[in-house]
Amino acid sequence: MNLAFFDQFSSPSLLGIPLILISMTFPALLLPSLSNRWIPDRLATLQLWLINLITKQLMTPLDKKGHKWALILTSLMIFLLLVNLLGLLPYTFTPTTQLSVSLALAFPLWLATLLMGMRNQPSVSLSHLLPEGTPTLLIPALVLIETTSILIRPLALGVRLTANLTAGHLLIQLIATATTALLPTMPGVSLLTLTILLLLTILEVAVAVIQAYVFVLLLSLYLQENT
Amino acid sequence: GPLSERPLMEVRLGELHTWISTCNFSPQGLLGAVQKAWSSYCAKYIHVRQGGPAGISMLLAGYCLLSYGWNYQHFSK
C-alpha cells in the first residue's frame, strides 16, 4: 500500500512555524467584525442569519440553565464549519484531521457536561445509567454497559470527526491521482473518474457541514441530559 | 503633504526608499501598519452595502497561496 498518500496529513511547518496555527486562526478573519450599524454589509447579514439559525436550532431543546452554553456551542459550531470547509480548498490544511485537535475539543466539553450533571443533580444523572423498566436480573450488566457508553463518548466524538474528514480527504486524493494517471492512456475512463471526483467533492462539502453539526448536536444532547 | 504622511499608493517609485526610511519599524509601528492595511482592505471590499463575492474570494485565494508556499518543499519532489 502506498503510504505516501498519508503525507498530506502531516503537520507542515515552515521555519519552525507550524501551519496548524494559521489554519486555526484564519477563520477569525472571515467573520464579521463589530459594526455599530443596524444593517451591516451583505457578508455580515448572511453570517448573522446563519448564526441565528444555528443558535435557535441548538438551544430549543435545552432548558433555561442550558442556555448559558449558547455562546460556546455556537462558536464551536461556527469554528468547526469554517475549518472543515476551508480544508476543501486546494493546498490547505485541515486541523481537525489531527486527532489532537478533535479530542482536545471533545474531552473538556464532555467532561464539563458530566461534572455539571453530577454536581447539580447527582441522583438524576446517576439515574440515567439505568433505563426504566429493565428486568431485575439485567440491572448490573446494564449499569456496566451504560457506564462504558458514557465513558466512551468523548473518544467517539473526537474520533468520529477526525475519521470522517481524514477518509474524505484521502478519497479525494486517491481518485484525483487515478484521474491524472489514466488521462494519457484511457481518456474515457479518466472522464468517468473525473465525474466521480466531482460528486465526491460535493459529498465532502456536505460531510464537512454535517460533521460539525453532529459534534455540536451530540454535545448539546449530553448537556440536555445533565442539566 | 509631507512624504512620511502619504499612504503607499500615492508615493512615486523614485521616492520609495525615502518613504521607507521614514517608516516606524518598532513593534507598535508594524502592528499599526498591519491594522491600518487590514481595515482599509475591509472598508474597500467587505463593508460595502452591495458587496459581492470578490472580498471574501480574495481572502480565500490568498490563504490558498499561503498554504501552497508553506507546503512547497514537501511536494516539490
## Note on the structure
HN-Hα couplings for the range A:43-52 via Karplus (6.51, -1.76, 1.60; θ = phi - 60°), in whole Hz with x for Gly/Pro, come out as 4, 5, 4, 4, 5, 5, 4, 5, 5, 4
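When averaged across all projection directions, what area in nm² does the alpha-carbon convex hull of the range A:1-140 cover? Display every interim value, and only then the final one.
Details: hull surface 61.8 nm².
For the Cα atoms of the range A:1-140, the hull's average projected area reads 15.4 nm².
For a quick check of your reading of the filter: which trypsin sites (Lys or Arg not before Pro) in the range B:30-65 sit in a DSSP loop and have no more than 10 other Cβ atoms within 10 Å? Could the numbers behind the result be given before it?
Working: sites: B:LYS36, B:LYS44, B:ARG49; in loops: B:ARG49.
Answer in residue order: B:ARG49.
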### Vicinal HN-Hα couplings computed from phi for the range B:24-32 (Karplus, 6.51 cos²θ - 1.76 cosθ + 1.60; Hz; Gly/Pro x)
9, 9, 6, x, 5, x, 5, 4, x
### Task
Would you mind getting the accessible area per residue of the range B:1-73, heavy atoms of the protein chains only, 1.4 Å probe, in Å²?
75 Å²
### Spatially near lysine pairs across the protein assembly as shown, Cα under 23 Å, sequence gap of 8 or more or different chains
4
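For the protein assembly as shown, what is the convex hull (Cα atoms) projected area averaged across all directions, in square nanometres?
On the way: hull surface 101.7 nm².
If I average the Cα hull's projected area over directions, I get 25.4 nm².
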### Summary
Ratio for the range A:17-68, C-alpha Rg to 2.2 N^0.38 Å, reads 1.54
### Query
Which of the residues in the range B:61-77 lose at least 30 Å² of accessible area when you go from the chain alone to all protein chains together (probe 1.4 Å)?
B:TYR63, B:CYS64, B:SER67, B:TYR68, B:TRP70, B:ASN71, B:HIS74
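Using unit Cβ charges (K, R positive; D, E negative) and no other charged atoms, how large, in debye to the nearest 20, is the dipole of the protein assembly as shown about its Cα centre? Display every interim value, and only then the final one.
Working: 15 positive and 10 negative charges, 112 e Å.
Taking the Cα centre of the protein assembly as shown as origin, the dipole is about 540 debye.
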### Task
Find out how many positive minus negative residues lie around A:LEU62, taking Lys and Arg as positive, Asp and Glu as negative, among other residues whose Cβ is under 15 Å from that of A:LEU62.
+2
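Check each of the chymotrypsin sites (Phe, Trp or Tyr not before Pro) in the range A:31-127 and keep only those in coil by DSSP with at most 10 other C-beta atoms within 10 angstrom; list them in order.
The qualifying sites are A:TRP38.
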### Query
Which net charge results when you count Lys and Arg as +1 and Asp and Glu as -1 among the other residues whose beta-carbon is under 13 Å from that of A:LEU219?
+1
### Task
With +1 on each Lys and Arg Cβ and -1 on each Asp and Glu Cβ, and nothing else charged, work out how big the dipole of chain B is about its Cα centre, in Debye to the nearest 20.
200 debye
### Query
How much mean residue ellipticity at 222 nm does chain A get from its helices, if each DSSP H run of length 4 or more adds -39500 (n - 2.57) and you divide by all residues, to the nearest 500 deg cm²/dmol?
-24000 deg cm²/dmol
### Message
Output wanted: per-residue J couplings in Hz (rounded whole) for the range A:216-225, from phi through Karplus 6.51 cos²θ - 1.76 cosθ + 1.60, θ = phi - 60°, x for Gly and Pro.
### Response
6, 5, 5, 4, 5, 5, 4, 5, 4, 5
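Could you report the buried accessible area between B and A, both sides summed, computed with a 1.4 Å probe and given in Å² to the nearest 100?
Working: alone 6900 and 14240 Å², together 19090 Å².
Heavy-atom accessible area buried at this interface is about 2000 Å².
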### Query
Counting only protein heavy atoms and using a 1.4 Å probe, what share of the accessible area of the protein assembly as shown belongs to carbon plus sulfur, as a whole percent?
71 percent
### Query
Please state the equivalent ellipsoid semi-axes for chain B: what are the square roots of 5 times the Cα gyration tensor eigenvalues, largest first, in whole Å?
28, 22, 12
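Can you tell me the length gained on complete extension of the stretch A:LEU71 to A:MET186, counting 0.36 nm per residue apart and subtracting the Cα distance? All intermediate terms of the calculation are to be shown ahead of the outcome.
Working: separation 115, 0.36 × 115 = 41.40 nm, distance 5.33 nm.
Once the chain is fully extended between A:LEU71 and A:MET186, it gains 36.1 nm.
The values are calculated or read from the model by the stated rules, or taken from the named source; none is laboratory data. It should be emphasised that the depicted structure is a prediction, and the values quoted were computed from it without experimental measurement. Backbone-built Cβ (ideal geometry, glycine too); neighbour counts: all protein chains shown. Heads up: the accessible areas ignore ligands, DNA and RNA and are worked out on the full protein's heavy atoms, side chains in. Shrake-Rupley method; radii C 1.70, N 1.55, O 1.52, S 1.80 Å.
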